[in-house]
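Asker: Sharing a structure with you now.
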Amino acid sequence: MIVDGREVAFTPGTTVLEAARTAGISIPTLCHHSSLPPDGSCRMCLVELDGRQGFHPACVMPATDSLVVRTESDRLDAERRSVLNLPLRRYRPGVGGTGNELLSLAERYGASAPPRMPSSGAVDESNPFIRVDHDACIRCWRCVRARDRLNGVSAIGVFGRGEEAHIGFGADGPMQDSACEFCGMCEAVCPTDALTIRNAPAPGAEGSLTEVGALCSYCGVGCRLRHHVAGGRIVFTSPEWHAPANHGLLCVKGRFGWTYVHDRDRLMRPLVRRSLLGGQGDDLVEVDWDRALDRPGALLFAMGITQ
């Protein structure tokens, strides 16, 4: 098919959105997430098709041969500004977080948000890891769909109808009173600062962040994640969505159990029993890795298992 004048190859079953993004062509979305099935509700991914009237959602439009697609035009820009008006009217900035997709799209398309009203105070900090700010929620339901499609834990749902619809936890109570397993998946897919990590710094507070890919150090599944590092210290982690073992899914240990890295009591060198080194006594002695791994029975101690 042809996208913005470029020939784009695709595999059968691919959507216009997927094919365009694979080719490096950016089509904006709000409700869509690469790890969730297409929803088609936000209408930000509207495109124009030659020979067809109106606008068409790229996230649910199958890619077909000879399809001619336009992803940017004055008409599309105007339509996207109009689409952004509804979530912007609802949105009140939360505590801030990295990668606020709503505000990025508003800036990209010149959508003007209404004057920032003070928060209603509807902030839930009962959960030890995740903060919930209902004023910053735009009702995209990504978090609810992630619960249904990814981790299958009935901790979060939609309550109320129409203009009163909102996310809620358990029986629409505090997050801590729900079946939450602290995996952080709801926060990971949230496009605004409605769901944020409690111990993460505010944007800009830690200076420039760099991302470092890592393998989770707990069990043997092989889950991959990304450490966000500033000043030589990890400040928070995020999922690796395209990892072969976990596809972005993490448990509470993988997502939030990284603080041991900076613990002052953390072992930095292998410890081996003195008797295994030819001496007398069972006290632990620091050695280099080559020497530790060369001693029978020393591997457990080299890994930090000292009891």
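Only the coordinates and a few stated rules stand behind these numbers; no lab work does. In this text the structure is predicted, and so the values were computed from the model without any measurement. With ideal geometry, Cβ positions are generated from the backbone for all residues, glycine too; neighbour counts draw on all protein chains shown.
Asker: In whole angstrom, note down how far apart the Cα centers of segment 1-72 and segment 138-171 are.
Answerer: Value for the Cα centre distance between the two parts: 26 Å.
Asker: Could I ask something else about it? Between residue 159 and residue 208, what is 0.36 nm times their sequence separation minus the Cα-Cα distance? Round to one decimal in nm.
Answerer: On the way: separation 49, 0.36 × 49 = 17.64 nm, distance 3.86 nm.
Extra length available between residue 159 and residue 208 comes to 13.8 nm.
Asker: Within segment 228-259, which chymotrypsin sites (Phe, Trp or Tyr not before Pro) sit in a loop by DSSP and count at most 16 neighbouring Cβ atoms inside 10 Å?
Answerer: 241
Asker: Another question, if that's okay. Sum -39500 (n - 2.57) across every DSSP H segment of at least 4 residues in the chain, then divide by the residue count to get the 222 nm mean residue ellipticity, nearest 500.
Answerer: -4500 deg cm²/dmol
Asker: Something else: Taking other Cβ within 10 Å of each residue's Cβ, how do 3, 229, 261 sort, fewest first?
Answerer: Listed from fewest to most nearby Cβ atoms, that is 261, 229, 3.
Asker: Still on this structure, I have one more. Answer with a single label: of (1) 47; (2) 30; (3) 38, which was calculated as percent of Cα pairs over 30 Å apart from the structure in view?
Answerer: (1)
Asker: Additional query: For segment 118-164, state which trypsin sites (Lys or Arg not before Pro) are in a DSSP loop and have at most 10 other beta carbons lying within 10 Å of their beta carbon. All intermediate terms of the calculation are to be shown ahead of the outcome.
Answerer: Working: sites: 131, 139, 142, 145, 147, 149, 161; in loops: 139, 161.
Answer in residue order: 161.
Asker: Given a 10 angstrom Cα cut-off, can you work out which residue in 110, 281, 222 is the most mobile in a GNM of the chain?
Answerer: 281
Asker: What number comes out for the charge environment of residue 52, summing +1 per Lys or Arg and -1 per Asp or Glu over other residues with Cβ under 14 Å away?
Answerer: Here the count lands on 0.
Asker: Hey, another quick one. Cβ under 14 Å from residue 252's Cβ, residue 252 left aside: what net charge do those residues give with Lys, Arg +1 and Asp, Glu -1?
Answerer: +1
Asker: Which loop-located trypsin sites (Lys or Arg not before Pro) does segment 237-300 contain, where loop means any DSSP state but H, G, I, E or B and the Cβ has at most 10 other Cβ atoms within 10 Å? Please report the intermediate quantities before stating the final value.
Answerer: Numbers: sites: 253, 255, 264, 266, 273, 274, 291; in loops: 264, 266.
Passing sites in segment 237-300 are 264, 266.
Asker: Which residues does the label zone of residue 77 cover in segment 8-41, counting backbone N under 17 Å from a point 7 Å along Cα→Cβ?
Answerer: Zone members listed by number: 26-28.
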